[in-house]
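Written below as structure tokens is the structure these notes are about.
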Amino acid sequence: FAGLSLYFEDGHDDLDDFGFDDYGSECDGIRITAFLDAGQDNLTPLGRLEKYAFSENVFNRQIVARGLLDVLREFSDNENDFISVMETVARMSEDGEPTVRAELMEQVPNIAMFLHESQPNFPAVFSRYLVPIVVRYLTDPNNQVRKTSQAALLVLLEQGLICKGDMETKVCPVLLDLTELSSDDDYKIEAVAIMCKLVTMLSKDTVEHLLLLRFCELCSDARLFQVRKVCAANFGEFCSIVGQDATEKLLMSKFFDLCSDSLWGIRKACAECFMIVSNSTSPGVRRTKLSPLFISLISDQSRWVRQAAFQSLGRFISTFANPSSTGLYFKEDGTLLEVPRCPFDRLGPTHCHRLTWGQKQYSKWTILVKCNKTRSDLKKYLKQCFIESSMRCSFNGPTERPSHPPINQDGRSTPTLECMSGGDSGSDYTNTPPRDRHEGLECNNNPPTNNEETEQTDENFNSFHYWRPPLPDISEELEMLKDQEMAGLEPVTSSQIKKVLDCLQPHMDDPDAQAQVQVLSAALKAAQQERQSEDTEGQSECQPPEDGNGEPDEEFSQKGGTAEEEQTPNEPRQQTTDSAPIEELKETEAKTEAEPQNVIPQQLLDQYLSMTDPARAQTVDTEIAKHCAFSLPGVALTLGQQNWHCLKDTYETLATDVQWKVRRTLAFSIHELAVILGDQLTAADLVPIFNGFLKDLDEVRIGVLKHLYDFLKLLHAEKRREYLYQLQEFMVTDNSRNWRFRYELAEQLILIIELYSHYDVYDYLRQIALTLCSDKVSEVRWISYKLVVEILQKMYACGAHDLGLNFINELIVRFCHCPKWVGRQAFAFICQAIVEEDCMPMDQFAQHLLPSLLSLSSDPVANVRVLVAKALRQSVMEKAYFKEPGSAYSDELEETVMALQADKDRDVRFFASQDPNMTLMDTAALI
């Protein structure tokens with residue numbers, strides 16, 4: 001006890017002697033700068049600062065260091081005093097006590113922010129006084145001081161307070177010195193860690209010029225595995241900063257070495273950053289080098305490495321995605337959207353001429369299918385395709401095109417077909433042999449269409465198009481098809497289309513030939529499907545209207561359309577039209593199975609599909625199925641619609657997994673997968689799984705509910721309407737206390753209203769909304785009132801005034817005449833929202849709702865009168881309709897508001913008298 005008494009007495013004496021007598025055990029709001037106040041020592045504030053900053057007592061110096069920010073605020077008005085304080089800070093940074101230095105460094109970020117906001121010469125002051133302290137403390141012998149300085153440096157960089165010059169001349173040189181081969185191990189490990197964290201905040205030039213080569217050396221550090229591990233963990237950040245060229249030239253070989261390191265922790269770190277590294281490489285390197293490397297990590301002898309590799313597998317596969325092939329892209333906010341495919345009006349003249357003729361024709365075909373055009377439109381389009389193909393491949397006659405490239409060497413556009421056929425072309429064109437003219441025909445990439453200007457400018461001259469062997473002459477076959485089509489004698493048969501395809505098969509390496517095959521293969525499939533349908537079903541139930549007197553070729557286009565009644569669940573529209581792979585289009589016979597994918601290496605796909613194997617859960621990770629489900633939308637996006645068959649069984653397996661976390665993961669992402677797959681595949685494969693999720697646990701159902709609108713809007717109207725009967729089921733939960741479930745339902749219903757007709761909204765959603773308005777939880781009621789307003793707005797927007805009036809009468813009975821004050825209060829809030837959102841004409845509001853609202857101004861409950869006063873003063877009386885001199889309700893409104901301004905309740909008087917232009921007070925707490 002004697003020692004304890006002595007310690008207490010010494011501590012008390014210190015406080016008294018050095019001016020900190022105000023500090024007591026019960027002083028929570030201590031003013032740290034109290035020592036600057038005038039005392040008996042007759043010193044100026046700066047003198048007192050000097051006295052305590054360099055006192056012999058450590059506690060005194062700690063207090064000064066801790067209060068430096070307040071000290072600077074005290075002296076910020078006088079520039080000379082301010083500079084004196086900064087010089088004192090610089091001298092304090094050399095204190096021999098580590099705790100004082102640590103306290104000082106903790107205040108540096110706050111001081112820097114204060115200087116940045118208040119001092120016009122901030123860069124100079126900060127660079128002169130504070131940056132040297134931070135840099136010097138990076139090499140401090142005390143571990144706590146070094147850690148504090150490293151954290152402060154990161155904060156300063158995140159806030160953008162350190163200029164590029166200071167980083168290059170003061171910070172980076174210190175880090176390079178600390179990472180030298182002869183540097184101390186502890187310093188080196190810490191310096192590598194801080195350097196890897198800094199790299200994401202520096203510019204590309206700074207990283208390449210100062211840090212890249214040193215990082216490559218550190219990746220090969222044979223003495224300290226901790227250094228290699230830090231480099232492996234941050235390898236992706238370096239790759240993303242320096243870009244593709246530097247990654248492939250300098251970093252890729254180091255990454256291979258780290259992936260084969262003898263320590264499993266380093267290999268595990270490489271597996272975790274594999275996706276970022278892959279994003280920084282070219283597609284060729286990704287497929288030929290990184291894919292085999294990743295396979296080796298998946299089959300690693302260490303379970304932890306395999307576990308990390310499988311967790312990164314889906315993300316690595318997603319780096320193979322190509323928006324040009326998937327047809328989808330991500331916006332900055334993460335929204336997945338379809339790449340616009342409308343050709344000429346959206347792409348504009350600078351892009352249209354770069355499409356080959358076949359690509360344009362195939363794009364037109366895609367648009368017709370996507371937009372669900374009629375059969376007659378498709379029939380006419382196919383006719384035009386054959387006519388243009390015939391004219392394009394016709395080699396005889398004076399309209400042949402020259403053998404020259406699509407643009408002249410000086411950049412001028414190639415003469416049009418009309419100019420050349422008119423005999424105005426040069427002698428070089430006239431004397432061109434037929435074969436050479438055909439080469440020029442293919443190079444031009446512009447089809448001769450009627451009354452269409454074909455003059456284009458193409459800056460991308462391709463020597464392959466110029467020197468390639470000519471395509472075979474199929475003009476006779478196409479001319480025969482053209483004659484039959486124009487004369488209307490017989491429909492185009494499968495055998496005739498096959499002849500054209502057979503002629504084009506040897507030239508499938510040519511993009512123009514591929515485009516022709518795409519269009520003709522689609523027509524072939526349509527003809528074959530029609531023949532099969534006639535053999536099995538006789539006559540189709542739904543015949544399209546005949547053209548004229550019933551052309552025979554109407555039968556040809558019958559199956560070429562996109563009518564939904566002719567699609568089966570196993571044959572989605574996308575697989576037979578715009579998303580069909582090139583391998584499938586090469587086939588001349590219809591197939592029931594899709595072609596094997598070639599988007600990603602098959603080994604990667606096989607490993608991904610094996611993640612649902614129960615044996616993987618035992619040998620790799622118990623939650624491997626969850627990781628598979630998490631990354632499945634990314635894998636599906638990469639493979640595209642045409643390869644959905646590769647993932648279909650895996651998705652169904654995951655959807656029935658015994659772990660609810662796996663099903664929950666799929667439920668949260670099913671709407672994104674629906675965007676990727678399109679409406680046909682969604683209806684065939686996702687809707688049954690979606691229906692299963694609706695009956696699952698609440699933990700799974702919430703995933704479906706949060707994105708219910710996003711999924712329903714992708715369905716056809718008929719299919720979407722089936723879910724009207726199931727929306728009521730969301731009102732029932734496993735736990736009645738789960739009010740957030742009902743809150744989410746109300747939010748989704750607000751969005752879903754636009755997907756249904758006003759009749760469906762009135763018949764199905766109205767009752768759910770009214771039920772939610774009576775919920776026990778105020779948050780649910782609050783959002784439900786907004787739902788009611790949206791429903792009423794839907795009624796009047798669609799012209800259903802009768803339904804709107806019925807709904808209004810129901811609101812009056814249910815809320816305005818409610819025996820509970822909460823219901824009457826809700827009516828006042830609903831009326832205010834109706835006026836603010838302009839849900840209905842003001843004359844209708846004044847006739848049907850305003851009298852009931854005014855009747856609540858004398859309600860016995862003050863909380864009801866508060867919202868009535870707010871609705872009248874801030875919303876109703878601000879409408880021009882009620883401001884007109886001849887308004888029938890203006891006098892009554894004025895009298896009511898005046899009565900509320902004289903109300904006995906203070907809150908009622910406040911809202912009745914508040915200026916509408918002032919900031920509105922939130923009254924949510926009153927509901």
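The values are calculated or read from the model by the stated rules, or taken from the named source; none is laboratory data. Small disclaimer: the values here were computed from a predicted structure and weren't measured. Because the Cβ atoms are built from the backbone with ideal geometry, glycine has one as well, and the counts that use them run over all protein chains shown. To get the accessible areas, we keep the full protein, side chains included, count just its heavy atoms, and leave off ligands, DNA and RNA. Shrake-Rupley method; radii C 1.70, N 1.55, O 1.52, S 1.80 Å.
Taking the stated definitions as given, is L49 touching a helix residue (DSSP H, G or I) at 6+ places or on another chain (Cβ under 8 Å), modelled with pLDDT under 80 and not in a helix (DSSP H, G or I)?
Against the criterion (touching a helix residue (DSSP H, G or I) at 6+ places or on another chain (Cβ under 8 Å), modelled with pLDDT under 80 and not in a helix (DSSP H, G or I)), L49 does not qualify.
Name the residues in segment 718-750 that are without any contact (Cβ under 8 Å) to a residue 24 or more places away in the chain, open to solvent by 60 Å² or more (accessible area, probe 1.4 Å) and under 30 Å from L681 (Cβ atoms), would you?
Of everything in segment 718-750, those that are without any contact (Cβ under 8 Å) to a residue 24 or more places away in the chain, open to solvent by 60 Å² or more (accessible area, probe 1.4 Å) and under 30 Å from L681 (Cβ atoms) turn out to be E718, E722.
Does segment 193-202 contain any residue that is within 25 Å of D95 (Cα to Cα) and surrounded by 14 or more Cβ atoms within 10 Å (Cβ to Cβ)?
Here is the first cut: in segment 193-202, the residues within 25 Å of D95 (Cα to Cα) are 194.
From the residues that got through so far, the ones that are surrounded by 14 or more Cβ atoms within 10 Å (Cβ to Cβ) too are 194.
Scanning segment 193-202, I find at least one residue that is within 25 Å of D95 (Cα to Cα) and surrounded by 14 or more Cβ atoms within 10 Å (Cβ to Cβ), so the answer is yes.
Evaluate the following for I689: is it open to solvent by 10 Å² or more (accessible area, probe 1.4 Å), among the hydrophobic types (A, V, I, L, M, F, W, C) and closer than 30 Å to P614 by Cα?
Details: open to solvent by 10 Å² or more (accessible area, probe 1.4 Å): yes; among the hydrophobic types (A, V, I, L, M, F, W, C): yes; closer than 30 Å to P614 by Cα: yes.
Against the criterion (open to solvent by 10 Å² or more (accessible area, probe 1.4 Å), among the hydrophobic types (A, V, I, L, M, F, W, C) and closer than 30 Å to P614 by Cα), I689 qualifies.
Looking for whichever is in contact with a Lys or Arg (Cβ under 6 Å, 6 or more places away or on another chain), open to solvent by less than 20 Å² (accessible area, probe 1.4 Å) and either in a helix (DSSP H, G or I) or modelled with pLDDT of 90 or more (or both) here; the options are A912, A869. Which one fits?
A912
Looking only at segment 889-908, count every residue that is surrounded by fewer than 16 Cβ atoms within 10 Å (Cβ to Cβ) and among the aromatic types (F, W, Y) and tell me the total.
Result for segment 889-908: 0.
Within segment 607-614, identify whether any single residue is at pLDDT 50 or above, part of a helix (DSSP H, G or I) and of a type in the set (G, A, S), and answer yes or no.
For segment 607-614, residues at pLDDT 50 or above, part of a helix (DSSP H, G or I) and of a type in the set (G, A, S): present.
I'd like the full set of residues that are open to solvent by 20 Å² or more (accessible area, probe 1.4 Å) and either in contact (Cβ under 8 Å) with a residue 60 or more places away in the chain or among the β-branched types (V, I, T) (or both), limited to segment 241-252.
Matches in segment 241-252: I241 only.
Conditions tested, residue by residue: (1) buried (at least 18 other Cβ atoms within 10 Å of the Cβ); (2) more than 30 Å from S913 (Cα to Cα); (3) modelled with pLDDT under 95.
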site	(1), (2), (3)
D802	no, yes, yes
R814	no, no, yes
E836	no, no, yes
C839	yes, no, yes
F845	yes, no, yes
L853	yes, no, yes
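Return a yes/no flag: does segment 270-293 have any residue that is buried (at least 21 other Cβ atoms within 10 Å of the Cβ), over 29 Å from the mean Cα position of the chain (by Cα) and under 27 Å from I624 (Cα atoms).
No: segment 270-293 contains no residue that is buried (at least 21 other Cβ atoms within 10 Å of the Cβ), over 29 Å from the mean Cα position of the chain (by Cα) and under 27 Å from I624 (Cα atoms).
Exactly one of these conditions fails for L156: (1) open to solvent by less than 10 Å² (accessible area, probe 1.4 Å); (2) more than 29 Å from F235 (Cβ to Cβ). Give me its number.
(2)
Could you say which residue among F238, F255 is of a type outside the set (V, I, T), in a helix (DSSP H, G or I), within 23 Å of V155 (Cβ to Cβ) and open to solvent by less than 50 Å² (accessible area, probe 1.4 Å)?
F238
Return the only residue of Q793, Q767, Q748, Q726 being polar (S, T, N, Q) and more than 29 Å from K820 (Cβ to Cβ).
Only one candidate qualifies: Q726.
Considering only residues of segment 610-624 that are small (G, A, S) and more than 15 Å from K648 (Cα to Cα), which is least open to solvent (accessible area, probe 1.4 Å)? Reasoning before the result, please.
Residues of segment 610-624 small (G, A, S): 610, 615, 617.
Then keep just the ones that are more than 15 Å from K648 (Cα to Cα); that gives 615, 617.
Numbers: A615: 53, A617: 27 Å².
Going through the qualifying residues, I end up with A617.
Looking at segment 125-153, which of the residues that are among the small types (G, A, S) and open to solvent by less than 20 Å² (accessible area, probe 1.4 Å) is nearest to E190 (Cα to Cα)? Working first, answer last.
In the first step, residues of segment 125-153 are kept if they are among the small types (G, A, S); the result is 127, 149, 151-152.
Subsequent filtering for residues that are open to solvent by less than 20 Å² (accessible area, probe 1.4 Å) retains 149, 152.
Details: S149: 11, A152: 14 Å.
Residue satisfying both the conditions and the ranking: S149.
Helices (runs of 4 or more DSSP H) wholly in segment 716-791 with at least 1 residues that are modelled with pLDDT under 95 and of a type in the set (F, W, Y) - which ones?
Numbers: elements: 717-721, 739-752, 766-773.
Once the helices (runs of 4 or more DSSP H) in segment 716-791 are filtered for at least 1 residues that are modelled with pLDDT under 95 and of a type in the set (F, W, Y), what remains is 739-752.
Quick test of your reading of the structure: S858 fulfils all but one of (1) within 30 Å of G799 (Cα to Cα); (2) open to solvent by 80 Å² or more (accessible area, probe 1.4 Å); (3) of a type in the set (G, A, S). Name the failing condition by number.
Only one criterion is unmet by S858, namely (1).
Could you tell me which numbered condition A826 fails, if it satisfies all but one of (1) small (G, A, S); (2) open to solvent by less than 10 Å² (accessible area, probe 1.4 Å); (3) over 41 Å from the mean Cα position of the chain (by Cα)?
Failing condition for A826: (3).
With respect to I753, is the statement that it is open to solvent by less than 40 Å² (accessible area, probe 1.4 Å) and more than 20 Å from E790 (Cα to Cα) true?
Taking the combined requirement at face value, the residue does not satisfy it.
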